[in-house]
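Read through the structure below, which is laid out as structure tokens, and then see the notes.
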Amino acid sequence: MQARLISIIRKEFIQIMRDPRTLAIIFVMPVLMLFLCSFATCAGSTGGGIKLIRSLLLLKQARRELTRIVHPRAVVPVTLGGAVVPNQVLMSVLAFMLFYGSTMVVVSMLLMFSGLDLVSATTATIRS
């Protein structure tokens with residue numbers, strides 16, 4: 001009975017490692033769900049999560065920088081609702097996201113030092 005169970009586990013492990021879609025489901029999807037959980041509030045809310053407007057500006061800034069890598073002389077303004085977003089606002093959003101991310105890492109590390117495992121510490125940090 002135990003040998004049969006071990007052979008089934010070995011077969012399933014080989015199958016998981018062989019199929020890239022299964023690997024994506026196992027490893028990428030939980031990380032994606034944790035990432036989406038940190039966007040718990042909407043644009044006008046006063047909750048503690050990352051506001052959707054900030055994440056939208058961050059994505060538009062990233063797209064602008066990728067465009068500038070391909071076309072170095074291009075002038076690509078970041079627009080929101082038809083209006084150009086000033087660079088000072090974009091830098092403020094980037095600074096906030098850096099501070100937010102570093103706070104999440106530090107709190108997760110403190111929770112791990114207190115005895116929690118990585119997954120529990122990270123999810124507890126994101127949920128708080």
Identity of the residue in segment 98-128, within 19 Å of residue 51 (Cα to Cα) and hydroxyl-bearing (Ser, Thr, Tyr), that ends up surrounded by the most Cβ atoms within 10 Å (Cβ to Cβ): 125
May I ask you to verify whether residue 66 is among the hydrophobic types (A, V, I, L, M, F, W, C) and not in a helix (DSSP H, G or I)? no
Within segment 34-51, considering residues that are surrounded by 15 or more Cβ atoms within 10 Å (Cβ to Cβ) and either closer than 16 Å to residue 92 by Cβ or in contact with a strand residue (DSSP E or B) (Cβ under 6 Å, 6 or more places away or on another chain) (or both), the one modelled with the lowest pLDDT: 50
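The values are calculated or read from the model by the stated rules, or taken from the named source; none is laboratory data. Here the structure is a predicted model, which is why all the values come from computation and not from measurement. Every residue, glycine among them, receives a Cβ derived from its backbone with ideal geometry; neighbour counts consider all protein chains shown.
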